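The values are calculated or read from the model by the stated rules, or taken from the named source; none is laboratory data. Please read these numbers as outputs of a predicted model, since none were measured by experiment. Don't worry about glycine lacking a Cβ; one is built from the backbone with ideal geometry, like all the others, and counts go over all protein chains shown. Ligands, DNA and RNA are stripped out before the accessible areas are found, and what is left, the full protein with its side chains, is counted by its heavy atoms. Shrake-Rupley method; radii C 1.70, N 1.55, O 1.52, S 1.80 Å.
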Amino acid sequence: MSSQEIIIKEGVLKGAILHSLWLRERLSGDEFVDPNNLQRLYEPSLLDENLLIDSFSIKDNFLSIKFSDGVEGNISVDELYQEINSIDAIPKKKIWEKNDSLQIFDNNKIFENSESLIQMLESFYKYGYVIIENTQAVENEVLNFAEKIGPVRTTNWGKLFNVVSKPNPNDLAYTALELKSHSDNPYRKPVPGIQLLHCIANESIGGDSSLVDGFSVAEFLRNNNKEFYQILTNTSVNFKFTDVDVILENKSKLIELDDDGEFKQISFSGRLDYVPLLNQEKLKTFYRARKCMYELCNSDQFKIKFRLSKGMIAMFDNLRTLHGRTKFDPNTGFRHLQGCYIDHDSTEGKLRRLLK
Ligand code: OGA
Ligand code: ZN
């Protein structure tokens, strides 16, 4: 008997209700998808919307189906299971506080074999950052490193930016001032996903680094202050950067949630944010909430502190992990970092490919 859906009675897919069209557009094999790229060779929107399943069986971990349009084909049960259960090769995020051990990797080992690279990338996705030691402390090395992980995102600052204290800077990062915990470039569309900071010299007094798991702070707020959490996840703030060449603007919530209500992105930069003119009550709450978030992001409870020394790279998820530095005295020694950005899609994609 034909039906528009099947209910799987046994095995790992037990209880799954699978619609005919949903299954039809997942058929594997050269007839349906190009073997070189796995892209569909037909237009799924033109399939018969009343398509039925005439019969099916599961054998050797493949679901074989006969459809009412005469088409027969197979689908891997493992792939169905992974898709239905949203199982991705990218590891689940592990929320941390400052007491968790620092994720440090040796540049001389990471690229030795794919297992080492996988280990580093998995830690990066779990914890939202990794520290790399033993890179060459020379200019452009950050690009050599980054390009092994994914294509570098060029911005109006070029492929890389130099973090040095200089006169009349177009960004406070290029001074010797303290930088409180922040995310970079929340005014860009899209916000750069991965940031790398490479230390060429750090000989000044001061200039220590810090990282904070923004999702850990968001979780703390969710658990401890519903009112603050509510306003921070619902108020779109305008982030703005101005120099002689461009005015960049982007709106986002300080804590952005995804469709499932999970943490998607943290945007935090007290130098660049402009809250809309809400009513008095809402503004009052927003300012209290932002202050609380600021205090948590800069507290010893959440902040790991370390010194980025010559030859080290801090690579972090700029949509999750906030970073900062203490002020330094440029008269006591030279300090020079170089930074660049990579988008998440390519790096995630690299890890998925390495794992397959
Ligand atoms: C930056 C930045 C940190 C540092 O350039 O965005 O935050 O240690 N720099 O100088
Ligand atoms: Zn920064």
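(1) within 16 Å of ligand 2 (Cβ to nearest atom); (2) out of contact with any Gly (no Cβ under 9 Å at 6 or more places or on another chain); (3) not acidic (Asp, Glu): which one isn't true of Ser210, the others all being true?
Every listed condition holds for Ser210 apart from (2).
Tally time: how many residues in segment 186-200 are under 22 Å from Phe302 (Cα atoms) and either more than 8 Å from ligand 1 (Cβ to nearest atom) or without any contact (Cβ under 8 Å) to a residue 40 or more places away in the chain (or both)?
Residues flagged as under 22 Å from Phe302 (Cα atoms) and either more than 8 Å from ligand 1 (Cβ to nearest atom) or without any contact (Cβ under 8 Å) to a residue 40 or more places away in the chain (or both) within segment 186-200 amount to 4.
Residues being part of a strand (DSSP E or B), of a type in the set (S, T, N, Q) and away from ligand 1 (no atom under 11 Å from the Cβ): count how many of those fall in segment 321-343.
Of the residues in segment 321-343, 1 are part of a strand (DSSP E or B), of a type in the set (S, T, N, Q) and away from ligand 1 (no atom under 11 Å from the Cβ).
Would segment 250-257 turn up any residue that is within 19 Å of Phe161 (Cβ to Cβ), modelled with pLDDT of 95 or more and outside any strand (DSSP E or B)?
Scanning segment 250-257 turns up no residue that is within 19 Å of Phe161 (Cβ to Cβ), modelled with pLDDT of 95 or more and outside any strand (DSSP E or B).
If you check every pair at least six apart or on different chains, which have Cβ atoms under 7 Å apart with a residue in segment 105-127 that is farther than 16 Å from Glu348 by Cα first and a residue that is open to solvent by 60 Å² or more (accessible area, probe 1.4 Å) and outside any helix (DSSP H, G or I) second?
Listed pairs, sorted by first residue: Asp106/Glu133; Asp106/Asn134; Asn107/Glu133; Asn107/Asn134; Asn108/Asn134; Phe111/Lys148.
Residues Ile205, Ile231: which one is touching an Asp or Glu at 6+ places or on another chain (Cβ under 9 Å) and at pLDDT 95 or above?
Result of the check over Ile205, Ile231: Ile205.
Return the pairs, sorted by first residue and then second, in which the second residue is part of a helix (DSSP H, G or I), the first residue lies in segment 218-233 and is open to solvent by 60 Å² or more (accessible area, probe 1.4 Å), the beta carbons are less than 7 Å apart, and the residues are 6+ apart or on different chains.
Hits for this filter: Phe220/Leu296; Arg222/Tyr229; Glu227/Thr285.
Residues in segment 207-221: is at least one of a type in the set (Val, Ile, Thr), in contact with a Ser or Thr (Cβ under 7 Å, 6 or more places away or on another chain) and not in a loop (DSSP other than H, G, I, E, B)?
The answer is yes, given that some residue of segment 207-221 is of a type in the set (Val, Ile, Thr), in contact with a Ser or Thr (Cβ under 7 Å, 6 or more places away or on another chain) and not in a loop (DSSP other than H, G, I, E, B).
Does Gly207 satisfy being at positive phi and more than 15 Å from ligand 1 (Cβ to nearest atom)?
For Gly207, the condition - at positive phi and more than 15 Å from ligand 1 (Cβ to nearest atom) - is not met.
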